[in-house]
1. Does region 292-320 hold any residues that are open to solvent by less than 30 Å² (accessible area, probe 1.4 Å), farther than 20 Å from M163 by Cβ and free of Cβ contacts under 8 Å to residues at least 40 places away in the same chain, and which are they?
2. Return only the number of the condition from (1) over 17 Å from S121 (Cα atoms); (2) out of contact with any strand residue (DSSP E or B) (no Cβ under 7 Å at 6 or more places or on another chain); (3) within 15 Å of the ligand (Cβ to nearest atom) that A178 does not satisfy.
3. Could you tell me whether V104 is modelled with pLDDT of 95 or more, under 19 Å from K379 (Cα atoms) and more than 25 Å from the chain's Cα centre (by Cα)?
4. From E364, E280, which residue is open to solvent by 10 Å² or more (accessible area, probe 1.4 Å) and within 19 Å of the chain's Cα centre (by Cα)?
5. Kindly evaluate G28 against the criterion of being closer than 25 Å to L136 by Cα, within 16 Å of the ligand (Cβ to nearest atom) and in contact with a Ser or Thr (Cβ under 7 Å, 6 or more places away or on another chain).
6. Answer yes if at least one residue in region 322-335 is open to solvent by 10 Å² or more (accessible area, probe 1.4 Å) and modelled with pLDDT of 95 or more, and no otherwise.
7. Considering only region 336-359, state which residues are within 24 Å of E212 (Cβ to Cβ) and open to solvent by 50 Å² or more (accessible area, probe 1.4 Å).
8. Hey, any hits in region 152-161 for a residue that's more than 16 Å from the ligand (Cβ to nearest atom), within 18 Å of the chain's Cα centre (by Cα) and open to solvent by 60 Å² or more (accessible area, probe 1.4 Å)?
Amino acid sequence: MLQRNKDSIKNTFNRIFGSEEFYCFAPGRANIIGEHIDYHGGTVIPFAIDMGIHFFAKYSEDNTTRILSIDLDEEYIYDPNQPPSGWKRFFYDTVSQLQPPKAVQIGFGGNLPIGAGLSSSSALVCGIVQLFDIILGFSSTKEALLNKAIQIEKGNGLQGGTMDQTAIFFSKAQHAMAFNCSNGARKYIPIPKHWHFYLFNSGVKHHLVDSEYNTRSLESRIALRQLNHTLGMNYSFLVDVTMAELEKSQDNIDAISFKRAKYVIAEQNRVKQTERALQEGNIQLIGTLLNESHHDLRNLYEVSCSELDWLVEFAQNNLSIAGARMMGGGFGGCTINLTNSELTHDELQMLKISYFKIFHIHLEVYHVFASDGMVCYHKINDPS
Ligand code: GLA
């Protein structure tokens with residue numbers, strides 16, 4: 001697991017490039033509930049976590065823009081005539097669009113695992129956009145930066161929703177954010193101090209996620225079209241259809257459309273219940289809703305995998321948790337587990353040993369805390 005903290009990234013940057021002038025931290029995100037709901041225009045309840053990517057930067061003494069991924073130990077030298085791929089592409093797009101008047105040197109890294117469903121790509125893109133904004137002294141609004149980051153990420157990768165980037169920019173420490181993805185409204189709900197969230201990283205990289213994700217999005221559009229036709233309605237999103245309307249349409253729509261729509265409508269109902277339960281501090285109810293969410297993600301939306309199912313079932317049966325489910329795009333990545341007391345060393349050992357015996361994978365466990373979104377500053381204003 002990558003364990004690099006801010007000081008370690010800073011020391012590497014200082015050793016290679018000298019003293020930094022700009023700093024920014026982009027967190028990863030967890031999602032309590034509302035999975036695969038953002039691109040259906042529904043409400044989701046994510047929070048930024050205390051794991052993420054630190055960026056340090058300064059103007060260059062020569063004309064070369066150099067970017068160093070400290071975790072991957074890879075360097076990228078910007079060349080306007082050669083669009084690269086992978087992480088370098090996000091820098092290429094940003095530098096090409098913004099055309100900084102002087103070359104820059106950047107070093108970045110941290111403790112956010114790649115491909116674990118914690119939004120490492122969105123954290124990277126949001127961080128780059130924020131970093132260049134402060135380097136260039138634009139002082140853009142968070143909304144403008146959010147839109148730019150979404151536009152750059154969508155140009156390159158997954159055709160996702162906007163939950164991840166919004167959580168990365170707008171989260172508030174010790175709060176969950178009920179985010180309405182159709183009108184952009186954000187409501188902050190305090191997370192009780194004695195609640196704990198654990199993420200279990202299955203170690204399975206979600207290589208299926210891009211293709212299957214886009215397939216789910218397409219299937220859902222087909223389901224919506226069929227339902228609108230059958231009901232004689234003109235709903236914009238599946239979350240607007242009621243369960244009663246879906247049930248009465250069952251014979252007129254295909255089986256896949258029925259399953260996908262049933263998941264989306266049920267999950268959106270669970271989000272509403274979770275929002276209320278969070279305000280009332282009802283951890284048992286949220287636990288039950290998380291368990292139900294996993295059941296439906298597995299059976300109706302079909303985005304889970306055997307490792308995630310095993311982790312959820314093991315936690316539900318053997319650990320002192322209120323509930324658990326897979327989190328993020330699926331097909332690998334992490335599960336999220338909610339409890340009102342810290343898990344013991346013995347519990348976690350038993351989990352890791354059992355997981356290894358079956359899957360031959362070393363399980364990583366992250367005890368995460370709801371944190372503030374993006375942090376950035378010019379060195380002269382360094383608060384530390
Ligand atoms: C990925 C996408 C998000 C969201 C989740 C599933 O993380 O980037 O927009 O759709 O999957 O909830």
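1. Correct list: D309, V312, L319.
2. The number of the failed condition is (2).
3. Numbers: modelled with pLDDT of 95 or more: yes; under 19 Å from K379 (Cα atoms): yes; more than 25 Å from the chain's Cα centre (by Cα): yes.
So V104 fits the description; yes.
4. On the way: E280 fails: within 19 Å of the chain's Cα centre (by Cα).
E364 is the lone residue from the list that is open to solvent by 10 Å² or more (accessible area, probe 1.4 Å) and within 19 Å of the chain's Cα centre (by Cα).
5. Details: closer than 25 Å to L136 by Cα: yes; within 16 Å of the ligand (Cβ to nearest atom): yes; in contact with a Ser or Thr (Cβ under 7 Å, 6 or more places away or on another chain): yes.
So G28 fits the description; yes.
6. Among the residues of region 322-335, at least one is open to solvent by 10 Å² or more (accessible area, probe 1.4 Å) and modelled with pLDDT of 95 or more, which makes the answer yes.
7. Within region 336-359, just I358 meets the criteria.
8. no
The values are calculated or read from the model by the stated rules, or taken from the named source; none is laboratory data. All values reported here derive from a predicted model rather than from experimental measurement. Please note: Cβ atoms are built from the backbone with ideal geometry, for glycine as well, and neighbour counts cover all protein chains shown. Protein only, heavy atoms only, side chains kept; ligands, DNA and RNA dropped before computing areas. Shrake-Rupley method; radii C 1.70, N 1.55, O 1.52, S 1.80 Å.
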